[in-house]
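The values are calculated or read from the model by the stated rules, or taken from the named source; none is laboratory data. These figures come from a predicted structure and were not determined experimentally. Cβ: placed from backbone, ideal geometry, glycine included. Neighbour counts: every protein chain shown. Please note that ligands, DNA and RNA were not included when accessible areas were found on the heavy atoms of the full protein model with its side chains. Shrake-Rupley method; radii C 1.70, N 1.55, O 1.52, S 1.80 Å.
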Amino acid sequence: MTEAAGHEQWQVHYEGMVQGVGFRYTTRRIASRFPITGYVKNLPDGRVLLVAEGQPDQLQRLVDAVAAEMGRYVRRTTRNALAATGEFDGFEIRF
């Protein structure tokens with residue numbers, strides 16, 4: 001799949017009590033409302049990684065929606081914006 005015009009890839013790390021609280025499943029449900037692709041997964045160090053590709057405004061809406069619903073579990077969020085790769089077909093939970 002090729003990169004779509006104007007798309008970015010955002011890698012967002014969530015720290016806090018973000019594992020064992022339905023964070024990945026909630027994020028997947030929220031992501032289904034937006035024209036984005038990517039994945040969410042737990043990391044061995046206790047963080048959750050969200051990798052999403054799409055238009056920057058849609059990515060911001062996704063991150064805002066996750067914060068609105070799951071923010072009480074998040075102590076810290078970091079985000080890196082990169083060029084989109086076009087490698088994802090949909091949005092999934094990775095294990």
Might you let me know whether segment 4-12 holds any residue that is at pLDDT 95 or above and aliphatic (A, V, I, L, M)?
yes
Checking the structure you have, find out if any residue of segment 11-19 is in a loop (DSSP other than H, G, I, E, B), in contact with a strand residue (DSSP E or B) (Cβ under 7 Å, 6 or more places away or on another chain) and open to solvent by less than 60 Å² (accessible area, probe 1.4 Å).
yes
Just one of the numbered conditions (1) among the aliphatic types (A, V, I, L, M); (2) farther than 18 Å from A4 by Cα; (3) in contact with a strand residue (DSSP E or B) (Cβ under 8 Å, 6 or more places away or on another chain) is not true of A65; which one?
(3)
Looking at R29, is it at pLDDT 95 or above, assigned to a strand (DSSP E or B) and either surrounded by fewer than 20 Cβ atoms within 10 Å (Cβ to Cβ) or among the hydroxyl-bearing types (S, T, Y) (or both)?
no
